[in-house]
Structure formats: C-alpha cells, structure tokens
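The values are calculated or read from the model by the stated rules, or taken from the named source; none is laboratory data. Because the structure is a prediction, the values reported are computed rather than measured. Positions of Cβ are generated from backbone atoms using ideal geometry, with glycine treated the same way; all protein chains shown enter the neighbour counts.
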Protein chains: 4
Amino acid sequence: MKKSNQEINALRAKKNQTLRPVSSGLEGILYSPLKVLDKGFVRVVDYMGNDASIVQAARVSYGKGTKKKSEDEGLIRYLLRHRHTTPFEMCEIKIHVKLPIFIARQWIRHRTASINEYSARYSILEDEFYIPKKNHLAQQSLTNKQGRGNELDEVTSNKVLKILKEDSFRCYKNYTWMLNEKNSKEFQKERASLSRELARINLTLNTYTQWYWKIDLHNFMHFVSLRADSHSQFEIREYGKLMLKILSKWTPLTYKAFLSYRLNSTELSMEAIEVIKKMIAGKKVTKSKSNLSNREWKELESLFL
Amino acid sequence: MKKSNQEINALRAKKNQTLRPVSSGLEGILYSPLKVLDKGFVRVVDYMGNDASIVQAARVSYGKGTKKKSEDEGLIRYLLRHRHTTPFEMCEIKIHVKLPIFIARQWIRHRTASINEYSARYSILEDEFYIPKKNHLAQQSLTNKQGRGNELDEVTSNKVLKILKEDSFRCYKNYTWMLNEKNSKEFQKERASLSRELARINLTLNTYTQWYWKIDLHNFMHFVSLRADSHSQFEIREYGKLMLKILSKWTPLTYKAFLSYRLNSTELSMEAIEVIKKMIAGKKVTKSKSNLSNREWKELESLFL
Amino acid sequence: MKKSNQEINALRAKKNQTLRPVSSGLEGILYSPLKVLDKGFVRVVDYMGNDASIVQAARVSYGKGTKKKSEDEGLIRYLLRHRHTTPFEMCEIKIHVKLPIFIARQWIRHRTASINEYSARYSILEDEFYIPKKNHLAQQSLTNKQGRGNELDEVTSNKVLKILKEDSFRCYKNYTWMLNEKNSKEFQKERASLSRELARINLTLNTYTQWYWKIDLHNFMHFVSLRADSHSQFEIREYGKLMLKILSKWTPLTYKAFLSYRLNSTELSMEAIEVIKKMIAGKKVTKSKSNLSNREWKELESLFL
Amino acid sequence: MKKSNQEINALRAKKNQTLRPVSSGLEGILYSPLKVLDKGFVRVVDYMGNDASIVQAARVSYGKGTKKKSEDEGLIRYLLRHRHTTPFEMCEIKIHVKLPIFIARQWIRHRTASINEYSARYSILEDEFYIPKKNHLAQQSLTNKQGRGNELDEVTSNKVLKILKEDSFRCYKNYTWMLNEKNSKEFQKERASLSRELARINLTLNTYTQWYWKIDLHNFMHFVSLRADSHSQFEIREYGKLMLKILSKWTPLTYKAFLSYRLNSTELSMEAIEVIKKMIAGKKVTKSKSNLSNREWKELESLFL
C-alpha cells in the first residue's frame, strides 16, 4: 500500500500541458482513492470532456459551443429532460475500483462499460474480505423478499461476524496452501502447486477484487440512478454515492440537472396521472377507486400527501 | 429435480403449430438438459431462425431466399468468411444454464447477450458445488502464468479435494445457519434471520448458480470460438463444447462453415506471411531471421511443419 | 409485387410443428405486409417468445413459470414499472420494413438492433419515392424549430408536390441512364456503365429502401415509446403506430402494461413534484414561483389542470 | 469558414494543465481539419489515453504500468494478437467529421460508437455536394457485383459529372425555394415556408452532412481495418486512411502492432492451412484438389505465390 501511495503521488506531481478541455473538479481528485466500505476504494484515473463538451457535441460546432454559462445550463437541462442521450455519451470516465466479488457480480450487469479485472487465473488475490459493520447486519425484510429489515440483535450479530471472518480466512488460508507459492514463507518444496485458476474457486464471495471501469457520462448517470437508489443493496449503494460525488465534481451543471430530472424525479403511470388530476381538482380519491396496486398507492401517498 | 423433470416432459409433450421457420435439430433437444461438469447443465429453451433465415436476411427477400441447398451453403460460407456478421445476428437462441459462480464470472464478460440470473438476494441457493475430478486437478503451469501443467500427485490431490469439499460445505452450513429459514428443520425461533443478500457473501466461488442466457447466432459463434478454444479454462471449455454441439444441431450449414473459417482457422501476421512465402519458395527460414516472437514461431511450427 | 405476394402466400400456407412457445396474435399476421405511408410496409417475418416467456425468464424456471394468467400479468406490470429490463430482452422480433431513406436515417440511430439493408452497391433501387399527401405538407413551426405548424396553402402545396415528384423522377432517370443496365430497354451498347455504388449518390432522400430489422422486446418498446411519440417526425410516427399494433398482438399483457407505464406515463422532475404537492394541498401556485421553465410549466398545465 | 478557422485557432492557442496522460502526437493535430474528398474533413476534437494507458489497464495497476517502453510494446503486441480487447477499449477518441450522406449511411453501421449529427430537422444544410474526380468515375465491375472496374471513357465521364452537378444543385435550389427562409435574399413574404424536416427529403445522397463521432480504440481499429480495406467503397476508404494516420499519431506502439496483426494479416481457413502445409512440404497442389473455392484459391495465390 505504501508503494501504491508513492505511485499515486508521483502521478499527481506531474503536470502535463494539453489543448483538451479540462474539468477542474476532477483534476483535484485525479488518482486519489476515495475510501468506501471497510477496504474498498474508488479512484478516477482518466476522463474526457466536461459540461462544455456536451453543449459542443449537441451543436456539432467548430468551437466551444455557447459563450454564456447560463445558455449552457439551459441546453443541458433541456437535453437531459428530453432524454437526448448522445451528447452525454461524448464524455468518458475511467475509474479504478476495489470491491468485494458479490458486488462486482451486480456491477457487471451494466453492459455498456469496459472492464479490466485483476485476473485470479494469472495472479494471486490478497487476503482482504468485506466484513460488514455490526450496525449494517440487517434481518431479512418481512415485506420485501430482496430487502433488509431491522438490525440484528447483539448476540446474533456477533456470531454472524465471527462466522464471516472465520470462513473467509480459513478458505483463504487453504487457498494459499493449495497455491504453495515458491516465494511464500510456507512453501513446501516436496509438493506441487495447484493451478491458480483452480485454487481460487475456494474463496468466498466477500473477497475483494479490483478493476478498471470505463463508461460514458450517459451510462454513468444511469448506473448512479440505479445504484444510488434505495432499492439497491446497501453495499453497492455506498459505491453509487461516491459516483454521485464524482459526477458533481466532473460536470457540475449536468449534476444539477441530474438531481432534478433523474435522481429526485418520479414516473407517474397513466393511472396515477388520473388520480393526481382528481386530487388537484379537489376531489377525494380512495385507493379502491384509484386503479393502482397497493404498492403504487403507497408510493403515491408518500410522495404527494 | 423430479419436479423439474416432470415440467420438462410436459413441455416436450405439447406440440404447437407455427408458420415460423423451424430447426429440426434443435426441436429434437429442446428443453432437455445436456449434462456438463459434475452438476451443471445446458438446456435450449427457445430459438428463432435456421440456416435459411440467414440467407433470407442477407437477400432482404420476401420469401425463403434461395431455392437450392447448395446455393444456401455457398452464400453462408461467403458471409462467414468475409465477416458479414449481420445476417447471422438474425437468429437467436435462449439457453438455461447451470454453472459454478467462478465460471459465471468469466461467461458474463460477453456483453452482447441478455441474462436473467437466479437471484440470491431474493431466493436461497442450493447446496451444490463444483468439485473437480481428480484427474482435472492440475499443477500451475511453469510456462504459462494463467494455465495448467501436469496432474497433481495422488496425495496432494486427495488433500485438495478434501479442502474444497469441506470448505464449500462448511460455508454453506453457516449460510443456512445465518439465514435461519422458517421452513428449515434447524429453524430457531428465538433468533433473527440475516437478510439473504448478506448471508450469501459467505459462499464459495464454486457454488452453482443458474441463468437464462439469450444471444444471437453471430455472438454465439464468437462465444464458442473463444470458449471452446484451448486457451480458455477447462471448466468453461466444457460448456463451450456443448455449445458447439448445439450449433451443429441448430444450423448445420453454418456449423460447417464455422469449422472452416473460425474454429480451425488461423490468423497469420504480416511477418508470418513473409515467413510462409519464403518457405513455399523453398528457402530455409530460421527463427532468428523471422521477425517472429518465440511464441509466434512455435505456433507457426506446430501448425505448418 | 405479384411475385412477392405469391411468395408470402406460400409461406403462410405452410404450417410447421414446434415445441416452442407461440404467440397466436403474431401467427395471424406473420409474413403479411401492413401498409404505411404511400408505398411503405412493415411485415413480421419471425419472432421468439410471448408473455409467458417473460415470466419464465424472470423466474429462471424449468417449466412455464406461473400457472395463472393473473399472476403473469401482475409480474409483468411489476417488471415493467421497476424497469427490470432483462426479462423483456428474452423475446425477439424480426421485421421486414420498406421505408424512405430519410426515415431510415432516423431509425438506425437505435443501435441495439440488427439490420440487413438492401444494398444499392450490389443491386438497383426501384423507382419508388415518398410523396407526402397534400394535407401532410406542413409549414415550418414558428415556435418549435424542429416541428411542423399549419398546413400549407393550396397553391404552395401544389408547387411543392410538383417539385418533389419531378426532382425524384429526374434524378432516378439519370440514375438509370448512368447505370446503363444491359437488361434495360434503354441500354446503349456503345457506352460504359457507371458502377452502382456511385450512380446511387444521385438519388433523393425520399427514395424507398428496404431492410430486415431484428430487435428484442425491451428495445422494441423503447423504439415505440420514442417513435410513436408526438415529438417524432410524422412519417416515422406512422411506422411507430404500426409497431404499437404489432406489440398488442405479440404480447397482450405487456402491451397493456406498456400503455400504463411507458406510452401514457409522465416523468415529474424534482421541482414539478413540489408544485403538484402544493396544488394537492389546495395552495395556489403560479409559474413564476414554480421553479419550472416555460415549457415545463405548459406541459404540467396541459397534463393536470 | 473563416469564422470556423478563427474558432479553431482560438482553441489551439489555449493550453491547459492536466494530470492526465497525454498523447503528444494527437496534441499536434488537435482541432485542425484534415481534408478528404472534395469538401470533407476529419478533425480530432478530444481524446483519452495513450499507449501507456493500455498497459496500465491490462495490469490493473496503481501507477503507470511498466517502466520500459520495450516492455510496453511487447505487452501491446501480445494483447492485440490474442484479441484481448478490453485494454484497448480504455482509450477514447472524439472526431468531428464532414462527409456525404451516402457515406454516413455506411459509416453508421458501426454501432459501438456515439454520434451527434447536424440536424436537418432543426437547421438548414449548406449547398455542398460530393462530386467525384473524373479519374474516380469507375465502371461497374464485371466480376464483382459491388465493385468498380475500369475508368469511364472521357465522353461518358463528362456527362456523368454534368448530371451529378446539375441534379444536386437543382434539388438544392428547390430545397431553398420550399424553405423560403426569412433571412434569404429570395424570401417571398406572400407564401408559407415548408417545414425543414420535409423540405430536406428533396436533397440528393451526395449532400454533405457533419457529425461528432466518439469511439474507443478497440472499435476504432475495427472500423479502420474494415474501411481502410480494399473491399470498401473508395470514398469511405479515403476516410479510413485518415483514421489510420490518426492512429499512428495517437498510439504509435499500438499502430505498429495493428499493421502486423490486423491491417496486413490474413486469416487462413482450415482448408487453406492444409494447402499451405503441402506446399511447404514441397508437394504440388492444384486448385481442384485444394477444397478451396475459386475466390479463396485466387487470394491464396496472390498472397503466397
């Protein structure tokens, strides 16, 4: 880790000249790891474009697009609202992420991105595992099959943490035993090493991995809107929130429009529009006459009443 | 498993009429699981198109395309050879796969496919793990960092198998303990259940999962050419081979062209072309004068000499 | 055209047996052209899956998914509402379309589809051009830079139609003159033929072309939601409407959910939610205090007041 | 055009500081138009990454990857040869292109890119058309249905050029007549303007359009390998050649590997491998005994004999 810090410092020390557009917000955090969960991080390693690039692409212009910031903002809000997605595809970001494998499995469902993952066929994984904080150990939700309910009690929590730690480390210890690496202290000359691609199958899903992830701004916002959302699993939501922060630094105007039209917006169904209309007209509407499902009714209530 | 057999039999018993083109080869195996590894399977559950559909799309025709099978074959070979990919994209296949998680992680790198995976946030995984056969327990290759070498010796093999089995089952047992499911025999009323999305992080990477995988014929062939190849890990190669068999049943003409122009073809670099030219002209070429790397030279030798 | 009718009748006359799921609605129109604009058509030539396939994929089940239609409908509505897109990606449709080139240029912006277009490098285009009906000749909108306003007056309309017809046909006549095809009546032995790939550059953008278009149900709905929308150009909207009809025949349950949650739904921004809240609470809200742009305010008014 | 030159000069005059990796080759041509055909151009407007970024991504490293240029080169060659595509996806380029519509229609078939095109629904196209040089007016090939043969004779050439020019300009003149723009000299107050989205359908396919095109390095190379190839139409090949030049400036090591393993490489079919083997062994092989088609045999001859 010390060595990686040195490498990061070396990169941050060396300024280059460029004719390209720059995002001053991102330059400020480039290469530096933002910590997340117990051992994860997110660090921006490269990017292309800024708010002005979106305007320029939308206009197919020779120069910088509009002259005034207020015009830029208006156009960006218009584009995002009307789902003109291609101008946002013109910006790119490349991020180095350290994350547990079970999160990596959710993350990779977003197909419109490029990924280079640390290869456990080729290299050896480190002994790092995600162990939740005690107050994040939630019960199975009784109402939502894929959600969390209340916190666990103290006794069960302690047992769960013990299990998670012991199983992770035991599996890892056996992993290294099977690898029997020449350079390790425990190397036993008299027995053969199991191939890396096989030994790794003994590791648990909370083992940390790393990857480079590259994605355009449009798909980045889509990722954030899904993963910073309350329906997503707590652990990936923590990454989603960091991405939201990165968005605010990269393209501040787009970030503000994103809050209005994506993150804090809502979609009303045909039936819900009718309900709202009646309510505005001062009529009383009950769930039974609303044509909405229980769940839709509840969401409507919590949003508007 | 009995229940799933009944469901499969019910599906195979019910014939429907359709005006669509049919692949008689695929109809013969539709819904039936083809076994792979110790507990995995592959079963085709739906498809669209056959060899004639490729011809029809390439011709943008009203009817069936060409009349003669020989013309169809000629055109298909031409299209595949010249990498006219879109006519092959016109056929689709949907496959139900049961596979260990570490293979699923390789598989999903193919982004041009649709996947619905069994959700361990929502449901509970079964106690099924991939345990390699003894003769597949290979040493780490000494020459290829991501490959396998010779078989392990008897003693080490036995220890490795013992580890893999014990760790899988212990982790699984702790998984069910943390889940503390109401319907299970071991249910303990007095303590809370950990949410499923958290409990699963204790499982090992050789645990089996399942998914529906849908892909077009062009990308299916790309998958097969990479995964039935000797560079891919043995375990996913076993799936790749089954896919090759499915290809032969689905579109027999395309299958034959695929053998010629993809699976058993080779790419010669600019430098290798020069070497071959000299060899054909009867000149002696040595590695040192070939401009080829060691590895390229070896591959050339093994292919042509 | 007579010949193509014969081919279509031949295809519709031949029933095949299959074990695959069937959409009876689509079987009823398979291969038959649905007319659109003056000379265009849309004809479904193949498909995969039906409403039940979506349920089956979402459940990753061995058999047919749920037993009851009402459960299927509930799940489909849930999936569409919560933008679980992958189960809808499990169904595919293949459509033969005849359309003017300027529409083809809008259409192809949807990248998640496979296309085989009639090649004017290889073959000769027919003398068919889109000539709008007189009542579709609209003025440039004064308020919307990319929209239409009122109808043109009679005199200008007639002149416009004359121009469109004459220019299309003159360009086409010169196209065939340059092609100088051996089999044509006007063939002149003494002069050479210009290559097809060059001659075609003289044609106008209203010339009809044809293609095979294949897309999954999720992306099909996305296409329909954009192209059946009032913001899209009238000519492509006519195709969009036919696609909506095809959707209703293919997957009736999905179609109904699509009307509720996509086609007739609306997205409320963070700011608009606040406005609606106040209105429901009986407070008076004016545009100036709404934080909405002119356009957003107008849309809100037309929807809810 | 003067104005656009000023804008370009302004962009080239303003240097920014960045911590990001830089490609000195691309900085040298950033924003400047490279001319192509009679009125087209290609100008790089932004990029992300350089040769070192590929290495860094492949290694999933904290710092710059390898230290020595020779190691970088070896790894890049290895990655390209073995079709490890994701590290190349980590670099991006954004290019402003001016091109005739018939080329735009070929270009856009590459789906893995982002495009913002100048909108003729919203704005007015200029009176610029692609008119081939006389020596590029080729006859239809007699052997290849989608190719060009010899040059046309002088008399026919002159007639063809006259047609192309006259038809383009007449259609354009009628386009502006129908538009009847307020700001134009020919504006007639007494008659209405046809909407832009309709008027444009009268234009010919050689009319120039413009777009912003953004693509990653892997897909960029795929584009170049197809479009700089002799099978592609001359006009798009001219653009392909400029892209090859851009590649050489952007990532010189990747460029060299690309020449070896893509642009100047060849694929040998299973059958062709057998032929080559025999030839190397000094045996005489005739076409009839080769199992190759006429075309394949010819290509083999021209490459190796």
Checking C:H84 against (1) in a helix (DSSP H, G or I); (2) closer than 30 Å to B:A120 by Cβ; (3) not small (G, A, S): exactly one of these is not met. Which one?
(1)
Right, D:V45: in a helix (DSSP H, G or I) and assigned by TED's automatic domain parsing to the domain that holds D:H84 or not?
no
Could you list all residues from region C:219-240 that are surrounded by fewer than 18 Cβ atoms within 10 Å (Cβ to Cβ) and either of a type in the set (K, R) or in a strand (DSSP E or B) (or both)?
C:R237
Condition check for B:K189: under 26 Å from A:I101 (Cα atoms) and of a type outside the set (S, T, Y)
no
Assess whether C:E299 counts as being in the same structural domain as C:S24 (by TED's automatic domain parsing) and touching a strand residue (DSSP E or B) at 6+ places or on another chain (Cβ under 9 Å).
no
In region D:145-160, the residues that are aliphatic (A, V, I, L, M) and under 15 Å from D:H231 (Cβ atoms):
none
List pairs: first in region C:1-16 and within 16 Å of C:G28 (Cα to Cα) and without any contact (Cβ under 8 Å) to a residue 60 or more places away in the chain, second aromatic (F, W, Y) and not in a helix (DSSP H, G or I), Cβ under 7 Å, 6+ apart or cross-chain?
C:I8/B:Y62; C:I8/C:Y31; C:L11/C:Y31; C:R12/C:Y31
Could you please find all residues in region A:69-90 being closer than 22 Å to C:H222 by Cβ and not acidic (D, E)?
A:Y78, A:L79, A:L80, A:R81, A:H82, A:R83, A:H84, A:T85, A:T86, A:P87, A:F88, A:M90
In region B:80-103, what count of residues is obtained for those that are surrounded by 22 or more Cβ atoms within 10 Å (Cβ to Cβ), out of contact with any Lys or Arg (no Cβ under 8 Å at 6 or more places or on another chain) and not β-branched (V, I, T)?
5
Within region D:59-79, identify whether any single residue is at the interface with chain A (Cβ under 8 Å from one of its Cβ atoms), in contact with a Pro (Cβ under 7 Å, 6 or more places away or on another chain) and not in a loop (DSSP other than H, G, I, E, B), and answer yes or no.
no
What residue, of A:I108, A:I131, A:I95, is more than 10 Å from chain D (Cβ to nearest Cβ), over 22 Å from D:I54 (Cβ atoms) and aliphatic (A, V, I, L, M)?
A:I131
Consider D:K189 against the criteria (1) charged (D, E, K, R); (2) touching a residue at least 40 places away in the same chain (Cβ under 8 Å); (3) surrounded by fewer than 22 Cβ atoms within 10 Å (Cβ to Cβ); (4) outside any helix (DSSP H, G or I): it satisfies all of them except one. Which criterion is unmet?
(2)
Being part of a loop (DSSP other than H, G, I, E, B), on the phi < 0 side of the Ramachandran plot and of a type in the set (A, V, I, L, M, F, W, C) narrows C:I103, C:I115, C:I124 down to just C:I124
Go through (1) aliphatic (A, V, I, L, M); (2) farther than 24 Å from D:P132 by Cα; (3) over 16 Å from the mean Cα position of the chain (by Cα) and name the single condition D:I201 misses.
(2)
Residues (surrounded by 13 or more Cβ atoms within 10 Å (Cβ to Cβ) and part of a strand (DSSP E or B)) located in region C:1-31:
C:N16, C:T18
Residues of region B:241-277 being of a type in the set (G, A, S) and either in contact with a strand residue (DSSP E or B) (Cβ under 8 Å, 6 or more places away or on another chain) or surrounded by fewer than 17 Cβ atoms within 10 Å (Cβ to Cβ) (or both), in sequence order, are B:S248, B:S265
Of all residues making up region A:17-30, the number that are within 7 Å of chain D (Cβ to nearest Cβ) and without any contact (Cβ under 8 Å) to a residue 24 or more places away in the chain
5
Can you find even one residue in region D:201-214 that is more than 7 Å from every other protein chain (Cβ to nearest Cβ) and in a helix (DSSP H, G or I)?
no
Limited to region A:150-165, what total is found for residues that are more than 7 Å from every other protein chain (Cβ to nearest Cβ) and out of contact with any helix residue (DSSP H, G or I) (no Cβ under 9 Å at 6 or more places or on another chain)?
4
Residue check for B:D216: under 19 Å from the mean Cα position of the chain (by Cα) and surrounded by fewer than 17 Cβ atoms within 10 Å (Cβ to Cβ)
no
Scan region A:48-58 for residues that are touching a helix residue (DSSP H, G or I) at 6+ places or on another chain (Cβ under 8 Å), part of a helix (DSSP H, G or I) and facing another protein chain (nearest Cβ under 10 Å) and jot them down.
A:I54, A:A57, A:A58
If you take the residues in region C:166-191 that are of a type in the set (S, T, Y) and in contact with a strand residue (DSSP E or B) (Cβ under 8 Å, 6 or more places away or on another chain), which one is nearest to the other protein chains (Cβ to nearest Cβ)?
C:S168
Can you give me the number of residues within region C:32-46 that are more than 15 Å from C:K245 (Cα to Cα) and surrounded by 18 or more Cβ atoms within 10 Å (Cβ to Cβ)?
4
Considering (1) touching a residue at least 24 places away in the same chain (Cβ under 8 Å); (2) surrounded by fewer than 21 Cβ atoms within 10 Å (Cβ to Cβ); (3) over 25 Å from A:K39 (Cα atoms), say which one A:N174 fails and leave the rest.
(3)
Please state which one of A:L79, A:L37, A:L30 is within 24 Å of A:R262 (Cβ to Cβ) and modelled with pLDDT of 95 or more.
A:L79
Got at least one residue in region B:209-229 being touching a residue at least 24 places away in the same chain (Cβ under 8 Å), outside the structural domain of B:S123 (by TED's automatic domain parsing), farther than 29 Å from B:Q146 by Cβ and in contact with a helix residue (DSSP H, G or I) (Cβ under 7 Å, 6 or more places away or on another chain)?
no
Within the bounds of region C:192-199, is there any residue that is more than 9 Å from every other protein chain (Cβ to nearest Cβ) and either surrounded by fewer than 20 Cβ atoms within 10 Å (Cβ to Cβ) or touching a residue at least 24 places away in the same chain (Cβ under 8 Å) (or both)?
no
Would you point out the residue of region A:127-160, among those that are part of a loop (DSSP other than H, G, I, E, B), more than 18 Å from A:I101 (Cα to Cα) and of a type outside the set (A, V, I, L, M), that is farthest from the chain's Cα centre (by Cα)?
A:D153
